[in-house]
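Take a look at the structure set out below.
The values are calculated or read from the model by the stated rules, or taken from the named source; none is laboratory data. Remember, it's a predicted structure, so these values are computed and weren't measured experimentally. Neighbour counts run over all protein chains shown; Cβ positions are idealised from the backbone, glycine included. All accessible areas refer to the heavy atoms of the entire protein, side chains included, with ligands and DNA or RNA removed. Shrake-Rupley method; radii C 1.70, N 1.55, O 1.52, S 1.80 Å.
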Amino acid sequence: MSVFMKRLTQAASLTAILLLIGLTGCSSEPETEAEREARWQQGKFTSWELEHGIGPITEAIELASVSQERVAKGENIYIAKCATCHYLDDRKTGPPLRDITKRRSPEYVLNQILNAEQMGKLHPDGRKLVAQYAQYMTIQGVTREDAMALLDFLRAEADKPPVPIDQQPGAAVPPPSN
Amino acid sequence: MNIRLKQAVAITASWLAALMLLTGCGGNGRDGVAGTGDAAQRVYVAPGTHDEFYGFFSGGFSGQVSVYGLPSGRLLRHIPVFSQYGENGYGYSEETRNLLMTSFGFVPWDDAHHPQLSRTDGVPDGRWLFINGNNTPRVARLDLATFETAEIIELPHSAGNHASPFLTPNTEYVLAGTRFSVPIPQQDVPIDTYKDNFKGTLSFIRVDSITGGMSLAFQILVPGFNYDLSHAGKGPSHGWAFFSTYNSEQAHTLLEVNASRNDKDYLAAVNWKLAEKYVAEGRAKSLPASYRHNFLDEARIAKSEVIRSVKILHPRDCPDMIFYIPTPKSPHGVDVDPTGEYIVAGGKLATVIPVHSFSRMVKAIEDREFDGEVNGIPVLKYESVLAGEVQNPGLGPLHTEFDGKGYAYTSMFISSEIVKWQLGTWEVIDRAPAYYSIGHLMIPGGDSRAPFGKYVIALNKITKDRYLPTGPELAHSAQLYDITGDRMKLLLDFPTLGEPHYAQAIPASLVKDRSVRYFPIAENKHPHAIKAENQARVVRDGNLVRVYMSTIRTHFAPDNIEGIKVGDSMLFHVTNLEQDWDVPHGFAIMGANNAELLVMPGETRTLAWKPQFAGVFPFYCTDFCSALHQEMQGYVRVSN
């Protein structure tokens with residue numbers, strides 16, 4: 001996204017918030033956390049929130065280039081905390097993640113990781129996924145720093161070709177049979 | 001009203017109450033009940049909101065502890081302690097079985113009577129709950145961060161561990177006295193040599209102030225009476241412990257008659273700080289023993305160790321360590337008031353409630369006002385120690401708790417009522433019926449230096465018609481009364497699990513913030529834990545097959561297991577990889593001869609299973625975990 005486009009999005013989201021505040025008749029005080037959650041409960045979202053999710057990430061982040069160190073760290077976290085429910089290339093408990101950084105913004109991915117509960121219960125796109133997979137994403141106690149490493153791992157995987165199920169990162173090794 | 005008339009009225013009232021009980025009246029008895037709407041409002045805790053107090057009720061012969069919210073009477077948890085518990089695999093899983101080991105082997109049941117909250121400076125601190133096992137003498141410690149049994153220590157040279165596990169003001173020691181005297185050490189002797197061969201012990205279990213870990217510091221060998229209950233001194237009497245006794249007759253048959261002959265039995269007053277000093281000086285003798293100490297280690301796996309000796313003090317070698325205070329008619333409860341000055345005895349066959357004075361006791365000891373001795377233990381003169389007697393309190397006084405405002409509340413078993421009386425004047429202020437046959441009673445913090453007050457709860461032995469009938473076996477009952485005013489007001493009546501023998505309560509604020517929500521998986525030290533799904537595996541070692549299994553919504557890894565032979569023994573080490581509150585997973589496999597496992601988030605638990613014949617056997621998650629819970633399953637293929 002170009003800097004111009006980012007600015008434009010930010011401006012749009014600001015307008016949307018102002019509009020919402022206008023609608024809900026609040027004063028010009030900044031929205032409190034409780035007010036924001038109440039607004040989400042009523043199904044009212046800014047266009048920024050619709051595109052980038054709801055949670056601790058509330059504005060565009062500047063992404064550095066993919067760091068190999070973070071990718072390695074992210075892979076370990078992915079294997080311990082994500083691979084239980086996700087393959088990169090196929091449906092498991094949750095959706096495949098190979099192209100997630102192409103389908104969704106980095107802010108959205110981070111909000112999904114860091115705020116799985118509200119994303120699943122309140123955000124329109126999150127609710128659709130919960131309906132589709134009949135499952136809320138589990139909370140795994142991922143820190144913001146860990147989430148940034150996961151994001152780099154997913155960015156690095158995005159351009160690689162698909163691999164078979166038994167070679168998916170963190171896939172359980174099938175036990176020996178008779 | 002003159003005193004005689006007053007007494008006559010009180011006696012008549014008591015007998016009327018008893019008569020009502022005998023004739024089975026009182027089914028609709030609303031006596032003493034606050035106005036219905038008012039009572040409902042005062043115990044109403046709106047949906048989604050929390051109670052003010054945690055109440056920890058013993059389960060009596062269920063061997064367990066149940067946790068109620070008060071004042072609503074909501075059941076919050078049932079915590080397994082001395083009895084196996086199929087609901088979560090306690091006492092069945094490989095990690096918990098050792099908690100129930102004793103010198104008699106695996107003993108999966110006991111009779112749990114007296115919960116005691118750990119205390120600091122004489123006030124409950126919300127860290128641990130101790131409870132006694134009567135039948136195979138044991139003391140358990142529950143951790144109130146996890147609400148689970150963390151440790152059980154067996155008591156040697158003990159039988160009928162009833163006067164237990166009462167705590168000193170800073171949880172320095174757990175007190176324990178023997179209800180049944182037995183030959184010490186055990187030996188084969190005729191029962192009619194009771195007076196010569198049977199002895200009691202008073203045990204002092206040291207509690208580590210940081211970890212809560214228990215170790216038996218020393219025992220005192222005492223004459224073969226029945227030691228019934230105990231309480232530690234506090235404030236000025238800190239450093240002393242008091243034990244009630246009955247059967248000072250030392251009868252060994254038909255005790256209901258033969259142990260009720262003496263006008264007075266005794267309270268034993270023990271200067272435990274002096275006893276501690278005598279032990280440090282080397283006056284204790286080492287006595288061979290064999291008892292178990294079981295505890296959860298840092299991997300949350302129960303270890304069981306055997307200990308082979310105990311230090312024992314003989315009163316003859318330890319001057320001024322122990323005295324007997326004569327006390328009327330088989331005293332049951334021995335309760336120390338918040339100031340630490342008054343020691344209230346519940347002489348269950350007595351017509352008065354005697355109250356002893358600690359300061360008078362100290363003076364009587366100084367002045368050597370003795371009335372003989374028993375086996376080297378000086379007997380103090382009753383009148384020299386007595387502070388006062390509550391006259392005509394009712395019939396069958398058992399236990400007393402305090403509101404911290406100068407009043408005492410005593411349970412009356414025979415006349416089935418709670419009697420409120422004033423400390424110092426010994427005047428009866430109020431009485432309220434209990435439905436029926438109250439045993440212990442409990443005021444939040446009511447045995448502490450600073451009671452929290454507000455309510456008194458009657459813990460009743462007989463239920464009869466209080467609830468809808470459920471065949472011959474009925475739940476026991478508890479009743480909650482408001483005590484904020486001059487008169488007690490019955491607000492709530494609720495059934496309990498097992499026998500609610502005794503209970504303790506503490507403001508929720510002292511416990512709830514320390515409650516563990518899940519175990520961080522990174523800190524799981526179980527040697528058979530797995531930290532990620534790709535570590536799931538099946539490992540064969542001869543005939544022993546270990547399955548390293550993970551759970552997460554909504555699958556097991558591995559889910560299908562083949563290569564198992566008839567004759568193998570399997571251990572399923574199930575690690576729950578969830579890292580969120582209230583997401584346990586269950587594990588059950590067809591034909592298991594033990595129970596299920598309930599595995600908390602981040603925890604590892606192990607179920608043993610022995611395939612008996614060839615076939616394919618399913619396992620599944622028992623705890624409804626998600627919409628796809630019914631899909632959470634797997635198979636074990638067993639071949640010849």
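Observations on the structure shown:
- Residue match in region B:135-142 (condition: more than 18 Å from the chain's Cα centre (by Cα), farther than 25 Å from B:ASN271 by Cβ and part of a loop (DSSP other than H, G, I, E, B)): no
- Selected residue [within 11 Å of chain A (Cβ to nearest Cβ) and open to solvent by less than 40 Å² (accessible area, probe 1.4 Å)] from B:LEU577, B:LEU597: B:LEU577
- Within region B:414-431, tally of residues that are open to solvent by less than 50 Å² (accessible area, probe 1.4 Å), closer than 15 Å to B:GLY396 by Cα and in contact with a Gly (Cβ under 7 Å, 6 or more places away or on another chain): 3
- Among (1) in a loop (DSSP other than H, G, I, E, B); (2) closer than 21 Å to B:GLU631 by Cα; (3) among the β-branched types (Val, Ile, Thr), the one test that A:VAL130 misses: (1)
- Residue count for region B:209-219, restricted to those that are farther than 17 Å from B:VAL270 by Cβ and touching a strand residue (DSSP E or B) at 6+ places or on another chain (Cβ under 8 Å): 4
- Number of residues in region B:441-463 that are open to solvent by 10 Å² or more (accessible area, probe 1.4 Å) and assigned to a strand (DSSP E or B) equals 1.
- Residues of region B:120-134 satisfying the condition of being assigned to a strand (DSSP E or B) and open to solvent by 10 Å² or more (accessible area, probe 1.4 Å): B:THR120, B:VAL123, B:ASP125, B:ARG127, B:TRP128
- For region B:600-627, residues that are within 14 Å of chain A (Cβ to nearest Cβ) and either in contact with a Lys or Arg (Cβ under 7 Å, 6 or more places away or on another chain) or open to solvent by less than 50 Å² (accessible area, probe 1.4 Å) (or both) total 10.
- Residue identified as open to solvent by 50 Å² or more (accessible area, probe 1.4 Å) and at pLDDT 95 or above among A:ASP99, A:ASP125: A:ASP99
- Residue in region B:100-111 that is part of a strand (DSSP E or B), surrounded by fewer than 24 Cβ atoms within 10 Å (Cβ to Cβ) and touching a residue at least 40 places away in the same chain (Cβ under 8 Å) present: yes
- Subset of region B:344-362 (residues that are farther than 19 Å from B:LYS381 by Cβ, open to solvent by less than 10 Å² (accessible area, probe 1.4 Å) and modelled with pLDDT under 95): B:GLY346
- For region B:226-258, residues that are out of contact with any Gly (no Cβ under 6 Å at 6 or more places or on another chain) and of a type outside the set (S, T, N, Q) total 15.
- Consider region B:140-156 and keep the residues that are buried (at least 24 other Cβ atoms within 10 Å of the Cβ) and not hydrophobic (A, V, I, L, M, F, W, C). The one that is farthest from B:PHE218 (Cα to Cα) is B:THR149.
- Where A:LYS92 falls short, out of the listed (1) within 21 Å of A:ASP159 (Cα to Cα); (2) in contact with a His (Cβ under 8 Å, 6 or more places away or on another chain); (3) modelled with pLDDT of 95 or more; (4) assigned to a loop (DSSP other than H, G, I, E, B): (3)
- Only one of the numbered conditions (1) facing chain A (nearest Cβ under 9 Å); (2) open to solvent by less than 30 Å² (accessible area, probe 1.4 Å); (3) out of contact with any Asp or Glu (no Cβ under 8 Å at 6 or more places or on another chain); (4) over 14 Å from B:TYR635 (Cβ atoms) is not met by B:ASP568, and that is (1).
- Residue in region B:482-490 that is within 30 Å of B:THR146 (Cα to Cα), more than 10 Å from chain A (Cβ to nearest Cβ), open to solvent by 30 Å² or more (accessible area, probe 1.4 Å) and in contact with a strand residue (DSSP E or B) (Cβ under 6 Å, 6 or more places away or on another chain) present: no
- Total residues in region A:58-88, condition among the β-branched types (Val, Ile, Thr), away from chain B (no Cβ under 14 Å) and open to solvent by less than 50 Å² (accessible area, probe 1.4 Å): 2
- Strands (runs of 3 or more DSSP E) contained in region B:233-343 and holding at least 2 residues open to solvent by 40 Å² or more (accessible area, probe 1.4 Å) and either among the aliphatic types (A, V, I, L, M) or modelled with pLDDT under 95 (or both): B:302-313
- Hits in region A:135-167 (condition: within 14 Å of chain B (Cβ to nearest Cβ), more than 14 Å from A:ILE77 (Cα to Cα) and either hydroxyl-bearing (Ser, Thr, Tyr) or open to solvent by less than 40 Å² (accessible area, probe 1.4 Å) (or both)): A:GLN135, A:TYR136, A:THR138
- Lone unmet requirement of (1) closer than 18 Å to B:ASP486 by Cβ; (2) in a strand (DSSP E or B); (3) charged (D, E, K, R) for B:GLU389: (1)
- Yes/no for B:PRO223 being more than 22 Å from the chain's Cα centre (by Cα) and open to solvent by 20 Å² or more (accessible area, probe 1.4 Å): no
- Residue that is of a type in the set (Val, Ile, Thr), open to solvent by 20 Å² or more (accessible area, probe 1.4 Å) and within 11 Å of chain A (Cβ to nearest Cβ), where the choices are B:VAL583, B:VAL538, B:VAL547: B:VAL538
- Residue list for region B:524-551, filter: under 27 Å from B:LEU76 (Cβ atoms) and free of Cβ contacts under 8 Å to residues at least 60 places away in the same chain: none
Each row is one residue, and each column tells you yes or no for (1) free of Cβ contacts under 8 Å to residues at least 60 places away in the same chain; (2) under 14 Å from A:VAL109 (Cα atoms); (3) out of contact with any strand residue (DSSP E or B) (no Cβ under 9 Å at 6 or more places or on another chain); (4) aliphatic (A, V, I, L, M).
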{"site": "A:PHE45", "(1), (2), (3), (4)": "no, no, yes, no"}
{"site": "A:GLU51", "(1), (2), (3), (4)": "yes, yes, yes, no"}
{"site": "A:ILE54", "(1), (2), (3), (4)": "no, yes, yes, yes"}
{"site": "A:ALA64", "(1), (2), (3), (4)": "yes, no, yes, yes"}
{"site": "A:ARG70", "(1), (2), (3), (4)": "no, no, yes, no"}
{"site": "A:CYS85", "(1), (2), (3), (4)": "yes, no, no, no"}
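- Hey, B:TYR518 buried (at least 21 other Cβ atoms within 10 Å of the Cβ), touching a Pro at 6+ places or on another chain (Cβ under 9 Å) and of a type in the set (Phe, Trp, Tyr) or not: no
- From the list B:THR201, B:THR211, the lone residue that is open to solvent by 10 Å² or more (accessible area, probe 1.4 Å) and of a type in the set (Ser, Thr, Tyr) is B:THR211.
- Filtered residues of region B:542-556 (kept if among the polar types (S, T, N, Q) and at pLDDT below 95): B:THR554
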